[in-house]
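First up is the structure itself, then whatever we jot down about it.
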Amino acid sequence: MQKLALVKLGGSVITFKDKALTANTGAIDGISGALVQLDMPVIVVHGGGSFGHHWSVQYDMHTKPAPYDPHGVAVVHESMIALNQIIVNSMIKAGANPYAVAPCMFTTGHKAIAAKVRQLYEMAKANNVIPVTFGDVVHMGGRKYSILSGDALMSIIAKVLKPSRVIFATNVDGIYRDMKTRELVQELKSARRNGDPVEFSKTAGADVTGGMQRKVREAFKIASMGMDVVLVNGLYPERIVQAAHGEVQTGTVVVKKGRK
């Protein structure tokens, strides 16, 4: 396991998801200021929110490879570059050294190019650079393209690099035991049946709905590789710093496989 913070910034934090193509610049600036405080190598992944997600819905694009409208491919990809630029510029203003990296630079389809992923870590470790990548539409061969989400990228990168800290920053405090009472699940273990993860509806002690399902699915996958995964509220940037330092005061830890 390498000293490295792998941080996912959810689209719900960095954009206003109910307003097309609208970045939450206040939240982004707060997170940029927090990332500068970290005394370890950092790699950032961000989602699409009201940018990429907005257009992928318009053009009916999904994770399943298919010959999607090439104009839609161009529009979705360009919207993600635009959002990435906002985040990178914010980080530069905060005094960080971000380096934008499209996922096609270190993946082929939905699979990692391990040497290129390791290069991201070398950049972060040796040069105090923060690679910033993002969910995107990627080429799958021939006329086929696919959405490769930021959540999926977290698993792809974590599998190769084995970071010491894996953090998902969302717009809620973590995983709730009950959505109505907002009681947090402080620790969540991925129960298994016949070697397969139990369905979320059958996961004891958690109320997981909507987009959080994808994050929890990837969190379980990463935990099965031997890494704790922390879900915190990115609208409170100090919680990202605390999680990176191993302190989770408000949030949910998906416990790594083998940890009691």
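Could you check how much of the accessible area of the range 2-255 is carbon and sulfur, as a whole percent, using a 1.4 Å probe? Here carbon and sulfur together make up 50 percent of the probe-accessible area. The residues neighbouring A34, those whose beta-carbon lies less than 9 Å from its own, together hold a net charge of 0 under the Lys/Arg +1, Asp/Glu -1 convention. Packing around the peptides 73-80, 116-123, taken as the average count of other Cβ atoms within 10 Å per residue, puts them in this order, highest first: 73-80, 116-123. Between the residues G246, M225, A23, the greatest Cα displacement towards the positive end of the dipole of the chain, with unit charges on the Cβ of Lys, Arg, Asp and Glu, is found for M225.
With a cut-off of 11 Å between beta carbons, the residues surrounding D173 carry a summed charge of +1, where Lys and Arg count +1 and Asp and Glu -1.
Each residue was assigned an accessible area with a 1.4 Å probe, and for V241 the value is about 20 Å².
Cα centroids of the range 141-186 and the range 40-85: how far apart, whole angstrom? What the calculation gives is 16 Å, centre to centre. Bridge orientation summary for the chain: considering DSSP beta bridges with both residues in this region, about 40 percent are antiparallel. Beyond 31 Å in Cα-Cα separation lie the following of the pairs K144/K221; K19/K257; K17/K64: K19/K257.
Using Cα pairs under 8 angstrom and six or more residues apart, how large is the relative contact order of the chain, in percent?
23
Computed from point charges on the beta carbon alone (+1 for Lys and Arg, -1 for Asp and Glu), the dipole magnitude for the chain about its Cα centre is near 920 Debye.
For the range 2-255, the solvent-accessible area with a 1.4 angstrom probe is 46 square angstrom per residue. Quick check: Cα centre of the range 8-35 to Cα centre of the range 92-116, how many Å? Spelled out, the Cα-based centre of one part sits 19 Å from the other. Between R182 and T63, 0.36 nm times their residue separation minus their Cα-Cα distance comes to what? Computed gain between R182 and T63 is 39.8 nm.
When the charge dipole of the chain is built from unit charges on Cβ atoms (+1 for Lys and Arg, -1 for Asp and Glu) and taken about the Cα centre, the candidate among V160, A124, P41 whose Cα reaches farthest toward its positive end is V160.
The values are calculated or read from the model by the stated rules, or taken from the named source; none is laboratory data. A quick note: this is a predicted structure, and the numbers were derived from the prediction, not measured. For neighbour counting, all protein chains shown are included, and Cβ atoms are generated from backbone atoms with ideal geometry for every residue, glycine included. Only protein heavy atoms, including side chains, enter the accessible area calculation; ligands, DNA and RNA are left aside. Shrake-Rupley method; radii C 1.70, N 1.55, O 1.52, S 1.80 Å.
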